[in-house]
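Reviewing the structure listed below.
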Amino acid sequence: MVRKLLQSVREYKKDTWLTPLFLLGEVAMEVVIPLFMAELIDQGITGGQMNQVVKYGLILVLFALVSLVFGALAGKHSAIAMAGFGKNLRYDLFRHVQQLSYSNMDKFSTSGIVTRLTTDITHVQNAFLMIIRIAFRSPVMMIFATIMTYRISPTIAMWFVIVIPVLAAGMLIIMKYSFPIFERAFGSYDDLNKVVQENVRGIRVVKSYVREEREISKFQAVSERIFAQMVKAERILSYELPLMQIVLYAVMLIISWIGAKLVVGGTMTTGELTSVFAYSMQILMSLMTLGFVIIMVAIARASAGRINDLLSEQPDITSPEAPVTQLHSGEVEFRNVSFRYSDKAEQYALSGINLHIRSGQTIGIIGASGSAKSTMVQLIPRLYDVSDGEVRVSGTNVKHFDLKVLRDQVAMVLQKNVLFEGTIKENLRWGNEAASDEELIEACRAAQAHEFISTFPDGYDTHLAQGGTNVSGGQKQRLCIARALLKKPKILILDDSTSAVDTRTDALIRGVFKESIPDTTKIIIAQRIASVEDADQIIVLHEGRMADIGTHQELLRRSVIYQEAYHTQTKGGEEQNGQH
Ligand code: ADP
Ligand code: MG
């Protein structure tokens, strides 16, 4: 798992290695400094020689400066390495998400993906910084300082060797108890993100149902949970400081006790005793920061695991090895097609579909909601792959086409269509980046969108808000149709795409289709019989199966489902007009 994430370090490898290298220099300086300090005290102060004070004083300043430079260099390179690693990892993850198919995405929640791209990467990035800085520096420091102490007094060094493991054990126990609580708290952050994102995305619905208070209390509940978990974890962690202090004073006492005897006995100088104190401080400080790093890394491990889950999700719909890059006609064929949304699902959403659509035909699909209309058409541009059977376009199994070619030639206006933040022009050019202004206008005329766009003060340069919230539902649908038309596809699929458009405009759009794109196969899913009655064939879907197929007249004669739909709609038909 770690190796996979570390692949994102790439061009920042150099900075990653330079960091510990410079830190090594810094540690070396810091370990040598107490030695000169000892000389300064023994020869300069105790010996009463002013020139020695000046000499060692200058050396100390010099070493301190060099240590500072090493420290600054390490800081600079570690910052570059950390930020660079984060940038690459974020890029890799985002890129990976773009390659995932609908069914891959079904496995992750939107907020889960957002959390991985933001908070989780920040955690991993911080842990990476800590590892290249402190996880290396602290142990080296402890070893060096112990060795230096040993050179001055083996007895005191022995005491260090005993005390350090005891202290480390104490810290490990504290961590063992606090870590699971931290982990749970960070899991709760995920829930918090979910509440916030769902709320913000659906804020209009929340307001229209006057659900604000309920949403606030939902948020409050998660927030309180995080609070409680954090307090609990921090309370356990707070034992760490007293523990450190007890150990610190104990060590000081021991050193003073032994040191005093040695100094009085004449085997140790006052200066040497001071440097032993300095080394003991360095060791304890290193130990404490190391403990902190271990906690950070442990927290980041959960994040790393989640990032890894997403990165390891194999895109399950890709272009084949030797793809077919020519799509000649809009012929569509379903052969014994069945489909279920996941291998674990017991129910098939769609089963036993056999169907042949000649190029240029207009096909209507009618059926109650949940009868798998959307599911069926999504198989044509391979938004999902069939579970059994095959879907063929232009005489070739869709799995054999280059994905881009297939999706360029099969334009689909999704039921949950989306416009993106930007101008109308920019949004339309998703269909065809090279489209001229004339082509844009032509497509919009066909989709009956030109008229209302012209009434906007900024016309085609009108800025659309995120999700296209500043145009009406029916206007949004017509823009989406225009966007699909710009692709000049061989097959055009409209998934309930005129539901919010008034019946007259709906009829106009169909009229234009007949005249201006006669060779394009048109598949139209609709709730209104009127939207499909002049189609060459109408498919009646019922609970994932094809209940019937035929022309309007044929179905009126023999399909009960179709008759029912027709009668309910014609009775209320007059009221439906111009509703939207
Ligand atoms: P329609 O478009 O006719 O209203 P759908 O094709 O959207 O119906 O849905 C058909 C069935 O498949 C429904 O039972 C629905 O619950 C299920 N379904 C749709 N999308 C998914 C999905 N992404 N994951 C699992 N089940 C789904
Ligand atoms: Mg649908």
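Summary of values
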| item | result |
| --- | --- |
| For the chain, size of Cβ-based charge dipole, Lys and Arg +1, Asp and Glu -1, in debye | 1160 debye |
| Accessible area, probe 1.4 Å, largest first, for residues Y189, Y56 | Y189, Y56 |
| Solvent-accessible heavy-atom area per residue, rounded to whole Å², over the range 249-315 at 1.4 Å | 46 Å² |
| Within-11-Å neighbourhood charge of G395 [Cβ basis; K, R +1; D, E -1] | -1 |
| Separation between Cα centres of the range 299-344 and the range 90-124, rounded to whole Å | 15 Å |
| Leading residue at positive end of dipole, the range 381-470 (Cβ point charges), from F420, Q409, T469 | Q409 |
| Surface accessible to a 1.4 Å probe, R235 within the full protein complex, Å² | 150 Å² |
| Nonlocal amide H pairs with G422, under 5 Å, H built at 1.01 Å | L464 |
| Reciprocal of mean inverse Cα separation for the chain (Kirkwood radius, Å) | 30.0 Å |
| Distance violations [Cα-Cα > 26 Å] among K344/K373; K87/K218; K404/K488; K476/K522; K490/K571; K194/K373 | K87/K218; K490/K571; K194/K373 |
| Average projected area [Cα convex hull, the range 2-312], square nanometres | 20.2 nm² |
| Selected from Q99, A169, Y56, residue furthest toward positive end of dipole (the chain; charges at beta carbon) | Y56 |
| S208, S359, S394, reordered so the largest accessible area comes first (probe 1.4 Å) | S208, S359, S394 |
| The chain, accessible surface, carbon-and-sulfur percent (1.4 angstrom probe) | 60 percent |
| Gap separating the Cα centres of the range 20-66 and the range 268-296, nearest whole Å | 17 Å |
| Share antiparallel - DSSP beta bridges, the chain, percent rounded to 5 | 50 percent |
| Residue-span extension gain [S359 to T469] - 0.36 nm each, minus C-alpha spacing | 36.0 nm |
| The chain: DSSP helices with Cα axial extent of at least 24 Å and average Kyte-Doolittle hydropathy no lower than -1.0 | 13-39, 50-99, 121-152, 154-201, 212-237, 240-265, 270-312 |
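The values are calculated or read from the model by the stated rules, or taken from the named source; none is laboratory data. A quick note: this is a predicted structure, and the numbers were derived from the prediction, not measured. Using ideal geometry, Cβ is built from the backbone for each residue, glycine included, and neighbour counts are taken over all protein chains shown. Heads up: the accessible areas ignore ligands, DNA and RNA and are worked out on the full protein's heavy atoms, side chains in. Shrake-Rupley method; radii C 1.70, N 1.55, O 1.52, S 1.80 Å.
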